[in-house]
Number of protein chains: 2
Amino acid sequence: MVDILHRVAIRSSAAEVYAALTTVEGLAGWWTTNTGGEGNGVGGVLRFAFRGGGFDMKVLELDPGKRVLWEVVAGPDEWIGTHVSWDLKQADDYTIVLFKHEGWKEPVEFMHHCSTHWAVFLMSLKSLIETGKGAPDPHDVRIDA
Amino acid sequence: MVDILHRVAIRSSAAEVYAALTTVEGLAGWWTTNTGGEGNGVGGVLRFAFRGGGFDMKVLELDPGKRVLWEVVAGPDEWIGTHVSWDLKQADDYTIVLFKHEGWKEPVEFMHHCSTHWAVFLMSLKSLIETGKGAPDPHDVRIDA
């Protein structure tokens, strides 16, 4: 098993970051404009569609202002069954976001791509909260050919 | 052992990307303006200084236009002895960069930070080559508090 790990500090309250991870409006502001489903209840399923495909995430854990855990229940083969977690902690004026995408079977080239892409979307999340403007798909920074 | 993995496509020749990884001028354009040493010969040592510290990298392998491998010989404890590799391949008008920072002992919080920071600097490398303007330290996008 290999994991994708990231960390970013966002000048905001943990409540605000949590909202951006658990509401369709928040998620649509930084990850993909084409977001649907339910993210604010355990057992809910979020649907994320992108130019090149999409993912469904089942909400496994929610701890307001502290933690969100999703399981990928539909999407590319490499993603199915993997877990995406967000751990938040307040540090003075910032919320520290610790991100993990765990359970990859092999460190395939697609995993390299997803690692970089997650970082780009975390910067979009940071920008959304700090400036009011994120860069969700299809307005995201391109990293592929 | 846990690894940081990334992938980015850069609209350029592999020779141009290779130059940005092996010359002091190239490295100073995307990673840190305070770069010194020798990167274009096996056994050479590159010195990278940042606002908050620095790293020395010994060049272990060079395959022009294809691969660069460094070993960290000075820097933060967690980095000492780790390996940073760059594998390049041409795909039509793009060079695909596969990046690995391997040999971390534990997935500590600092590793999460470094994973995101590498992605930010890979985007700086892409920008340098595609637009002529990178964002090396101290002009880099801030991800920490």
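The values are calculated or read from the model by the stated rules, or taken from the named source; none is laboratory data. Remember, it's a predicted structure, so these values are computed and weren't measured experimentally. In this analysis, Cβ positions are derived from the backbone assuming ideal geometry, glycine residues included, and neighbour counts consider all displayed protein chains.
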- Query: Restricting attention to the stretch A:1-23, and to residues there that are among the small types (G, A, S) and out of contact with any strand residue (DSSP E or B) (no Cβ under 6 Å at 6 or more places or on another chain), which single residue is farthest from the other protein chains (Cβ to nearest Cβ)?
  - Reply: A:A19
- Sort out for me the strands (runs of 3 or more DSSP E) sitting completely within the stretch A:54-125 that have 3 or more residues that are of a type in the set (V, I, T) and either within 14 Å of chain B (Cβ to nearest Cβ) or within 23 Å of B:V120 (Cβ to Cβ) (or both). A:94-104
- Message: I'd like to know if the stretch A:24-45 contains one or more residues that are within 14 Å of chain B (Cβ to nearest Cβ) and either of a type in the set (F, W, Y) or crowded, with 20+ Cβ neighbours inside 10 Å (or both).
- Response: no
- Query: Out of curiosity, is B:V72 within 21 Å of B:H139 (Cα to Cα) and under 14 Å from the mean Cα position of the chain (by Cα)?
  - Reply: no
- Taking the stretch A:79-106 as the search range and keeping residues that are over 24 Å from B:A145 (Cα atoms) and surrounded by fewer than 16 Cβ atoms within 10 Å (Cβ to Cβ), which one is nearest to the chain's Cα centre (by Cα)? A:E102
- In the stretch A:126-145, which residue that is part of a helix (DSSP H, G or I) and more than 8 Å from every other protein chain (Cβ to nearest Cβ) is surrounded by the most Cβ atoms within 10 Å (Cβ to Cβ)? A:L128
- Task: Tell me, please, whether a residue that is among the hydrophobic types (A, V, I, L, M, F, W, C), touching a Ser or Thr at 6+ places or on another chain (Cβ under 6 Å) and at pLDDT below 95 can be found in the stretch A:38-59.
- Result: yes
- Message: Against the definition (closer than 17 Å to A:V84 by Cα, among the small types (G, A, S) and without any contact (Cβ under 8 Å) to a residue 24 or more places away in the chain), how does A:A20 come out, yes or no?
- Response: no
- Could you check how many residues of the stretch A:18-32 are among the polar types (S, T, N, Q) and not in a helix (DSSP H, G or I)? 2
- Task: Evaluate the following for B:V8: is it assigned to a strand (DSSP E or B), under 23 Å from B:K133 (Cβ atoms) and aliphatic (A, V, I, L, M)?
- Result: yes
- Only residues that are in contact (Cβ under 8 Å) with a residue 24 or more places away in the chain and among the basic types (K, R): list them for the stretch B:87-145, please. B:K89, B:K100, B:K105, B:K126
